[in-house]
Amino acid sequence: MGARQKTLISILLSMFVIHVASGFECEVRDFQNYTDSIKGCDDAKVLTFNVKLWSTPPKDLLNQTRNIHSIDVSGQSLKAIDNKGLCDWPYIKFIFAEENNITSLPSQALAGCHLLNTLSLSKNNISEIYDDAFHGLSLLTNLNLSNNQITSLSGNVFKPLTSLKTLRLNNNQMQAIDTDHFENNRKLEILDLSYNQIIAIDHGSFWKLKKLLTLDLSYNPGLNSLDLSEMDRLHDVIVNGASLTYLRIPTYVVNVFANNNNITQLKIDPNGSLEELCLSYNALRNISDLSPATQLTNLDISYNNITDIDFSYLMSTQIQRIDVLENPIKTFNVQALTSLPAIKSIEITTSNLDNRTLTVLITETNRLNIRLRDPNRDKERKTSMTMPPVTPVGPVTLSTPTTISTTTAKLTPAPTLAPKTTAVPSIQKPTPTHAPTPSAPTNSKDGMNNDMLRRIQNLESTIESHIKTEPNESSAPNQHTEMAESVANLRVLIICTMVAFTMFVSCQLAVFVNSNYRRWRILMPNFFPIRHNGLANNRRTQLNGSMDPMVEDVL
């Protein structure tokens, strides 16, 4: 078990312990007859309301649920949250009021909730927020205002929230960010402004956010400039689907996701911390600007206008994976690629390369155990049972240095995807080209297992025959080895599962028979001749009743 699995298990156990310690959730369905619904909720900490019409909670209900620290009033058709008794619970820390009809946040709407830690008002119709709407919420750390109709904010709205760490304003209609919007939120760590209409960000709007770790400005189609200077704790920058033409990456940023822009030029501060850079669907023409990124490990420059793939600019980096799919490649320096000190994987559209370049690339990557992958060819292999024949090409001896020019025509780069500004596009599962032929039904489980093993053996023999008869295919030979190993591992897994299931059923049957052998008059061997109630173990107990037919068949 790896370290990641152990960490996940420890987190789940901690959450379970916290849940048990905090009590179970109680639900109120009627403000008039609530006594029965809250029975046994003395130690509960979470109170969920499922009423037809919200009203001020009765005092008896407040007294009986005094220890509540979390209230969920989502989907209750609330039109406002002021004067609704939400702050009458003395220990309230979490309020969830999502999917209601709230249109505005009035002055001091929740001023009485002094211990409030989390407030979620997502999926409402909020368009107006008063300057002192969050007055008295100095302990609030998580605020969710996503999926509303907010077009602008006053400079004083978030000033009382001095402990705020997470602020989500995504999926609104905001158009500008001013310098005083987050002036007092010095502890902010996550700021989500994606899916808005932002076209202008004042110079220095984020300068005072010294602890900001994640900034998301994705899918603001009018945003063409971004100032990330003076933010020495920023870790992740997400700005997909904007209109950036120039991007400067400061020293302290680790991960940058800037897909679907119009970036033609980069500036990376030297000796920085950049590890992952995703720039697919942009307008880059070369990769010469990447040389200062000495800590870079993952690079995605697919769907750009790059014609010269010269990886010598990455010699000073720690690059391990490169994606250069669908670029109009003219020259490709294979030796520079294989000379990268830490390279492990490359994804490239091999249809853009001529036969000689492709042969050298396959030969060198196989020799150095570098994974070479073309997703387009992988899809073709999955949709066909046999691989297409490839004319074998003899080995090519490289000279130093080697730059190979392709003879293919210039490819038109893929068009820049038009970003959506309202919701994240859903990912649809692709429909398989060929449906698998259903196998004939078997009459028993043993027959099904034998049939499955026979199919796996046939698949292994097919793979071995391909490896022996077609050693010079365009795909790397180590792919056949990986497939054979996967099939072998699958076979071992199936056999182990069958054995474990058989042992489990046998143990259960043995325990069941041992506990009921007297009732069914089964003669059990006398391993321990101890007498119970005057009868020896090797004697059959005379009891009325017959054996269950199903058990009789099993025995």
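Results, tabulated for the structure shown:
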item	result
Förster radius 25 Å - calculated FRET efficiency between ALA200 and HIS135 (Cβ-Cβ, nearest 0.05)	0.30
Neighbour-count order for TYR195, TYR130, fewest beta carbons within 10 angstrom listed first	TYR130, TYR195
Computed log₁₀ I(q)/I(0) - Debye formula, equal Cα scatterers, no solvent, region 181-289, q 0.11 Å⁻¹	-0.31
Mean projected area (nm²) of the alpha-carbon convex hull when region 115-257 is viewed from all directions	7.4 nm²
Extension gain, GLN295 back to TYR246 (0.36 nm per residue minus Cα-Cα distance, nm)	15.5 nm
Translational diffusion of region 287-382, µm² s⁻¹ [Kirkwood Rh, Cα pairs; Stokes-Einstein; 37 °C; 0.692 mPa s]	243 µm²/s
Kirkwood hydrodynamic radius (C-alpha pairs) into Stokes-Einstein, region 34-161, 25 °C and 0.890 mPa s, D in µm²/s	163 µm²/s
Projected label distance in nm at SER506 and ASP236, using a 7 Å step from Cα toward the beta-carbon	4.9 nm
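Every number in this text was worked out from the coordinates using simple rules, so none of it is lab data. The shown structure was predicted, so the numbers you read here are calculated from the model rather than taken from an experiment. All Cβ positions, even for glycine, are placed from backbone atoms using ideal geometry, and neighbour counts span all protein chains on display.
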